[in-house]
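Below is one structure, written out as structure tokens, with a few remarks after it.
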Amino acid sequence: MLRFTTAGESHGQALVSILEGMVAGVPLLAADIDAELARRQQGYGRGRRMKIESDHAELLSGVRGGQTLGSPIAMLIQNRDWKNWQEIMDPAPREGDPERKRQVTRPRPGHADLSGMLKYDRDDARDILERASARETTARVAAGAICRRFLRELDVTVGSHIIHLGGIDAKRPERMPNDLNAAADASEVRTLDKKAESEIIARIDAAKAEGNTLGGIAEVICSGVPVGIGSHVSWDRKLDGRLAAALMSIPAVKGVEIGLGVECARRKGSEVHDEIEADNNNLKTGGVRRRSNRAGGLEGGITTGEQLVLRVAMKPISTLMRPLATIEMKTREPAQAVAERSDVTAVPAMGVIAEAMTAFIVAQAFLEKFGGDSLRETRRNYDGYIASLSERTGR
Ligand SMILES: Cc1cc2nc3c(=O)[nH]c(=O)nc-3n(C[C@H](O)[C@H](O)[C@H](O)COP(=O)(O)O)c2cc1C
């Protein structure tokens, strides 16, 4: 089974990402991973940290001569700010136990600070926030980059663009660009709507000036997936549920929709379901097509062969430069939350993280269906499946 785990604190020495279960023979360079890490660091409205850190993944294991080996792939991503935090984050006990600098005893609303302090019995919320921080998603993007590289070998691509930020909707173009990410990444807010782009940038500037923060929605599109990935047979094998859980686990994500999503509930059945017709040319869909793709490429937890279309909604960043009310935990007196350096919005970056999580879940489901220990074996199984689908078309 393909799985990954991450370790590391936001201001610790480094992040670690371990991906296990990837087949052998997938072409992979550290540059493939770094390119995705760089995309995660983009976006208008990010704080100073994104400028200090240009992330680099060091491949420690599982890759040799530019190809995966089938063994666990361990990656190390240094935190470049470590030298300034070494004393504060030192794993060793302090001599005579003097108080550490930069303690956080005024928990910030909207963060794991307070519940984490109570649950893990910590007096310093730094013990919680260092791991709850979205810096961890760097390690997810590294694992996702490998999954994406594997999927590319099977002609599957994952891209995203921003369709809403801070109260402004960005329109989808009539024809989506062939290379979605190249088009979206050309915009500082990763939108395909030029007019909305300048309005969004102005809205971010205004939010920054008033010490406020903004949320938004990314649309993730996964193309090239054949019919039949995922399963209807058990709740935990349904691909819609697995994608939703993976996307919902991204910090600050509060909603996930597939296809029409919540809008389905407002419409009549005839305005929701996708009618079917024969299309002998499309082998990946089993020789059929849908007249529309309101289901977002999933029915009964199984892919239909149409594009997977997912929308991921992020709340505004929790740390406000004009801080919200909280309490001082030592005295229980009213106080203002600490305003640790923070982004105004991170919706463009969230879209890249959502792509990584989607790539992981889709790669995992591919490997469940097609198996194999090497890319050649997986591809052979995959080609055999597509060939069996084509038999239905009488070819
Ligand atoms: C890419 C990204 C960057 C983020 N940057 C910040 C930030 O700079 N400051 C902040 O307070 N929260 C930031 N967040 C959100 C918090 O990590 C998140 O709201 C918090 O951990 C609480 O988790 P929850 O909102 O999922 O409940 C960011 C989230 C993402 C996805």
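For this structure, a couple of remarks:
- Violating pairs (Cα-Cα greater than 26 angstrom) within the set 119/315; 83/315; 194/268: 83/315; 194/268
- Under 18 Å of direct C-alpha separation, and excluding same-chain neighbours fewer than eight residues apart, residue 284 reaches these aspartates and glutamates: 153, 155, 274, 275, 299, 306, 368, 383, 391.
- Theoretical ellipticity at 222 nm over the chain - DSSP helices of four or more residues, -39500 (n - 2.57) apiece, nearest 500: -10000 deg cm²/dmol
- Whole-percent carbon and sulfur share, accessible surface of the chain, 1.4 Å: 49 percent
- Straight-line cross-link partners of residue 195 among the aspartates and glutamates, defined as a Cα under 13 Å from its Cα and at least 8 positions apart when in the same chain: 169.
- Counting only protein heavy atoms and a 1.4 Å probe, the chain has 48 square angstrom of accessible area per residue.
- For region 296-303, the Karplus equation 6.51 cos²θ - 1.76 cosθ + 1.60, evaluated at θ = phi - 60°, returns couplings of x, x, 9, 9, x, x, 10, 5 Hz by residue, with Gly and Pro reported as x.
- Between the amide H of residue 14 and those of 9, 79, distances stay under 5 Å, these residues lying 5 or more places away or on another chain, with hydrogens modeled in the peptide plane.
- Restricting region 71-158 to GluC sites (Glu not before Pro) that sit in a DSSP loop and have at most 13 other Cβ atoms within 10 Å of their own Cβ leaves 95, 99.
- Chain lengthening between residue 265 and residue 392 when straightened (0.36 nm per residue, less Cα-Cα): 42.3 nm
- Solvent exposure ordering (accessible area, 1.4 Å, most first) of 262, 338, 26: 262, 338, 26
The values are calculated or read from the model by the stated rules, or taken from the named source; none is laboratory data. Since the structure is predicted, the reported quantities are computational estimates derived from the model, not experimental observations. Don't worry about glycine lacking a Cβ; one is built from the backbone with ideal geometry, like all the others, and counts go over all protein chains shown. To get the accessible areas, we keep the full protein, side chains included, count just its heavy atoms, and leave off ligands, DNA and RNA. Shrake-Rupley method; radii C 1.70, N 1.55, O 1.52, S 1.80 Å.
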